[in-house]
Every structure is written in structure tokens, then in C-alpha cells.
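Novice: I'd like to ask some things about the structure below.
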Amino acid sequence: MGPVKVRFLGTGDAVGSGGRLQTCIQVQAGDQNFLIDCGATSLTAMKRLGVDPASIDLILVSHLHGDHFGGIPFFVMDAQFGRRVKPLQVAGPPGIEARVKEALEVFFPGSSQTQRKFETRFVELPEGRDTSLGALAVRPYGVVHPSGSVSYALRVKVGGKIIAYSGDTEWTDSLLEAARGADLFICEAYFFRKKIKYHLDYETILSHRSQLDCRRMILTHMNQDMLDRLKESDLEWAEDGGEIILEGLA
């Protein structure tokens, strides 16, 4: 198998701290080209960084907050006007289809009923079980972050590699399962030290690093407090536009 490329299209929090775009991670492995989360600014990120939205086959969603799924209505509208014909899959927590259609109606009334040349297929991911989507398999783990439905950490197997992603959450031991044996664990670090409900901070992550059985970890979804203290971090962090290459199996 060839390399798996992970590209951070957006690494920011909900309010764009540090001028960063909202969460959107592109993964390419062979013929598979998909997004993990699609925040409201994701279409801008793709066009800024030269990513053709028509090349994306699948969008995985960790939870139903606007900075993680709110770019999907814009993605769908762009695909409609761009004359996309190949199907688009959107997979996420229970309620993903209804929430996307509600957002379409809020932003563009009547758009959820529009006949398009491409099919949009919604898949609800069951917690704790693998779901096969083309050449990848994803297993969600429930985390602690109220969002109108269950919120997930995601464990994705693709191209002979495992990519784990925390989504948004306070510390929960389900992160240990999601990250176990992962080639890359993408983890939110909202604050540097401050403890708040429903989000992680750098010091908590560092205190659990030895338990997190992953080969590589990279921090994302940082607010201004964390961004101001990056030079104090002993852990790697992501930047908008940054890339990581995970070498595939021979």
C-alpha cells in the first residue's frame, strides 16, 4: 500500500482564534479521499489550499456542532452548482441527516428539497462498532461533549494505517481505546492549563500521554490561550495547511 496523506485544512476553534479556520482534516489513501469534520469555513479552506471539493467522496463527522459539520451545506451547494455527479457520503452520529437538512433550510430555504445530479447518502455510525465505507473502516467512541446527539472520537482504518481523532471532549478513558495502536492521534487541546467541562487542556493530555498507545500525536482545535503558549508545549501541534505523510505498508 502507498502512503496515507493527512492534510489539516482547518485547525481552529469555533471562533477562529489566531485567524485559524474551523476543523477540517483531509485524508488521502489510494483512491480514497475524504474529510474528517467539515466546519463552516471548510469550503474556503479547500479552495484556498487547492483541494477540489469534487474529489471528496466522504465526510466523516465527529459531532453536530457548527464548527465541525456546518460546512456541509456550503459543500453541497457548491457541488450542485459545480455539476457534481458522483455520490457523496456523509457519515456521523445519529441525527446527522436531519441536522444537515435543517442547516440547509436555515441557510438556503428550499435547498434541502432540490433535485441534484448527485446522490447524498447519509450513514449513522453506531457507537463501538466498525462501519465499512468504501476502502476504510471507522469505529466511533462516545465522548463527553453535548451536541444534540452523541459526540464521538473516531478511529479510522485506511491504507493499512490507523488515524484516531478525539473530536471535542473533556478527558474520558474512551480516548485510550480510540488511540490504541494508532499511527496518528489528532487531539484537541483547547486550553493550556485551565480545566473546563467538555474540552481538553494541554496539561491533562500530557499527563495521560504515556497511557495513549499511539505512535504520533498532534494537537489541534486550540483557543488563544493555547496558541499563546505553544512554545511551552512538548507535543506537536497542527497548522492550517500542514501535511503529515504516513508511509503505507510495502
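Taken together, the values in this text are just the output of simple stated rules run on the coordinates, not laboratory data. What you are looking at is a predicted structure, and each value in this text was computed from that prediction instead of being measured. Note: ideal-geometry Cβ built from the backbone for every residue, glycine included; neighbour counts use all protein chains shown.
Novice: Just to confirm the filter: which trypsin sites (Lys or Arg not before Pro) across region 128-180 are DSSP coil and have at most 10 other Cβ within 10 angstrom of their Cβ?
Specialist: Within region 128-180, the qualifying trypsin sites (Lys or Arg not before Pro) (loop, at most 10 other Cβ atoms within 10 Å) are 129.
Novice: Pick from 73, 87, 140 the residue whose mean-square fluctuation is largest in a GNM of the chain, springs joining Cα atoms under 10 Å.
Specialist: Top of the fluctuation ranking is 87.
Novice: Explain nothing, just compute: Karplus ³J(HN,Hα) = 6.51 cos²θ - 1.76 cosθ + 1.60, θ = phi - 60°, for every residue of region 217-222 in order, whole Hz, x for Gly and Pro.
Specialist: 10, 9, 8, 8, 6, 9
Novice: By DSSP, what percent of the beta bridges with both residues in the chain are antiparallel, rounded to the nearest 5?
Specialist: So the antiparallel bridges in the chain amount to around 55 percent.
Novice: A further question on this structure: Straight-line reach only, C-alpha to C-alpha below 26 angstrom: list the lysines that residue 195 could link to, leaving out same-chain residues fewer than 8 apart.
Specialist: 231
Novice: Have a look at 76, 87, 184 and report the one farthest towards the positive end of the charge dipole of region 4-246, computed about the Cα centre with Cβ charges (Lys/Arg +1, Asp/Glu -1).
Specialist: 87
Novice: When the Karplus curve 6.51 cos²θ - 1.76 cosθ + 1.60 is applied with θ = phi - 60°, which whole-Hz ³J(HN,Hα) does each residue of region 154-161 get, with x for Gly and Pro?
Specialist: Working through the residues one at a time gives 10, 10, 10, 9, 7, x, x, 10 Hz.
Novice: Give the lysines reachable from residue 101 as a straight Cα distance under 24 Å; neighbours fewer than 8 places away on the same chain don't count.
Specialist: By straight Cα distance, residue 101 reaches 47, 86, 117.
Novice: In terms of modelled amide H atoms, which long-range or inter-chain residues lie less than 5 Å from the amide H of residue 240?
Specialist: Placed amide hydrogens put 11 under 5 Å from residue 240.
Novice: Here's a follow-up. Which shape class applies to region 1-140: rounded if a/c is under 1.5, otherwise prolate when a/b exceeds b/c and oblate if not, where a ≥ b ≥ c are the square roots of the Cα gyration tensor eigenvalues?
Specialist: Since a/c stays below 1.5, the shape of region 1-140 is classed as rounded.
Novice: Could I ask something else about it? Can you compute the helix-only [θ] at 222 nm over the chain? Use -39500 (n - 2.57) per DSSP H run of at least 4 residues, normalise by all residues, nearest 500 deg cm²/dmol. All intermediate terms of the calculation are to be shown ahead of the outcome.
Specialist: Working: 7 runs with 49 residues, N = 250.
When only DSSP H runs of four or more count, the value is -5000 deg cm²/dmol.
Novice: Which of the aspartates and glutamates could be linked to residue 5 by a straight reach, that is with a Cα gap under 19 Å, when you skip same-chain ones fewer than 8 residues away?
Specialist: Of all the aspartates and glutamates, those that pass the test against residue 5 - Cα under 19 Å, at least 8 places apart if same chain - are 31, 37, 52, 57, 183, 236, 239, 240, 243, 247.
Novice: What list of ³J(HN,Hα) values in whole Hz, one per residue of region 94-102 in order, does the Karplus curve 6.51 cos²θ - 1.76 cosθ + 1.60 (θ = phi - 60°) give from phi, with Gly and Pro shown as x?
Specialist: x, x, 4, 5, 4, 5, 5, 5, 4
Novice: If you put +1 on each Lys and Arg Cβ and -1 on each Asp and Glu Cβ, how big is the dipole of region 146-250 around its Cα centre, in Debye rounded to 20? Provide the component values of the computation, followed by the final result.
Specialist: Numbers: 13 positive and 18 negative charges, 57 e Å.
For this selection, approximately 280 debye.
Novice: Then there is this: So, with +1 on the Cβ of K and R and -1 on the Cβ of D and E, and no other charges, what is the size of the charge dipole of the chain about its Cα centre, to the nearest 20 debye? Could you put the intermediate results ahead of the total?
Specialist: On the way: 28 positive and 32 negative charges, 107 e Å.
Using Cβ point charges on Lys, Arg, Asp and Glu, the chain gives about 520 debye.
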